[in-house]
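The values are calculated or read from the model by the stated rules, or taken from the named source; none is laboratory data. Only a predicted model underlies this, so the values are computations on that prediction, with no experimental measurement involved. Because the Cβ atoms are built from the backbone with ideal geometry, glycine has one as well, and the counts that use them run over all protein chains shown. Note: areas computed on protein heavy atoms with side chains; ligands, DNA, RNA excluded. Shrake-Rupley method; radii C 1.70, N 1.55, O 1.52, S 1.80 Å.
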Amino acid sequence: MNKIAPTLELKNVHRSFKQGSQNLEVLRGVSLDIEKGEVVALIGPSGSGKSTLLQIAGLLEQPSKGEIYLDGQRCSKLGDGMRTLLRRDYLGFVYQYHNLLADFDAVENVMLPQLIANTKVKEARERAEWLLRRLGLEKRFKHRPAELSGGEQQRVAIARALANAPKLLLADEPTGNLDPKTSETVLNELLGIVKETGLSALIATHNFELADRMDRCVKLQDGKLIDMRASTFVSDKNFY
């Protein structure tokens, strides 16, 4: 019986940057598998390379060395065109700042990725409205970003990330700019819809409670990845 390939597989990934005459090693042999439907928290101190790891997993940066597989497909050596198609069809991204298009309303912001992927307008609108309704924004369809609160803007960004039904969601501090109460609401909705749709997800966070609710937690430290039990990492005094 053939084993089902992980949604994401990183093998011995290295990433270094030139800093003057120095070679700065950010990732030093990171390996990680995320299975289908698994939600993994990525923790670690600021500057530890979490964003770099997400950029590489999302095919936005090339590793200096190592391999990236999505659903068993080797992606490390793909050209720009194929990487762009994979990002469009396979991956969803949520960032700390929503990056919504100011001239478009909530529904239109969520429709745009679908239209780029050649989805019919009617279908794109129906899915956009379903996602926004699922995230509690049924009364905000026609509101532009400036007319939405920070939490509402981030929910639209989450809906946009899910618009093309990706298999893997990559989120970089998705509630980092929100107050604690709003953050909790948005996180509940994010995790709820991820679980409901069977997505795999890698979510970088400083939120202990959020990480503790995920299936697994990995910690980036000194360029290496440490697999931790979500039930015990909160008591780790060396978290930062």
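For segment 144-154, enumerate the residues that are open to solvent by less than 40 Å² (accessible area, probe 1.4 Å) and either of a type in the set (D, E, K, R) or more than 19 Å from GLU184 (Cβ to Cβ) (or both).
PRO145, GLU152
Do the conditions hold for GLY66, that is, is it among the small types (Gly, Ala, Ser), part of a strand (DSSP E or B) and within 23 Å of LYS167 (Cβ to Cβ)?
Numbers: among the small types (Gly, Ala, Ser): yes; part of a strand (DSSP E or B): yes; within 23 Å of LYS167 (Cβ to Cβ): yes.
When the stated conditions are applied, GLY66 passes them.
Identify all residues within segment 130-143 that are surrounded by 14 or more Cβ atoms within 10 Å (Cβ to Cβ) and over 20 Å from LEU187 (Cα atoms); write none if there are none.
PHE141, HIS143
For the subset of segment 157-191 comprising residues that are more than 23 Å from ALA57 (Cα to Cα) and open to solvent by less than 40 Å² (accessible area, probe 1.4 Å), which member is farthest from the chain's Cα centre (by Cα)?
THR182
With the requirement that a residue be in contact with a Gly (Cβ under 9 Å, 6 or more places away or on another chain) and at pLDDT below 90, what does segment 34-49 give you?
Initially, segment 34-49 is screened for residues in contact with a Gly (Cβ under 9 Å, 6 or more places away or on another chain), giving 36-37, 48-49.
Those that are in contact with a Gly (Cβ under 9 Å, 6 or more places away or on another chain) and at pLDDT below 90: SER48, GLY49.
Applying the selection to segment 115-156, what residues are among the polar types (S, T, N, Q) and within 24 Å of GLU173 (Cβ to Cβ)?
Taking segment 115-156 and keeping what is among the polar types (S, T, N, Q), we get 118-119, 149, 153-154.
The answer is SER149, GLN153, GLN154.
What's the number of the only condition in (1) under 17 Å from HIS98 (Cβ atoms); (2) of a type outside the set (D, E, K, R); (3) surrounded by fewer than 19 Cβ atoms within 10 Å (Cβ to Cβ) that THR197 fails to meet?
Only one criterion in (1) under 17 Å from HIS98 (Cβ atoms); (2) of a type outside the set (D, E, K, R); (3) surrounded by fewer than 19 Cβ atoms within 10 Å (Cβ to Cβ) is unmet by THR197, namely (1).
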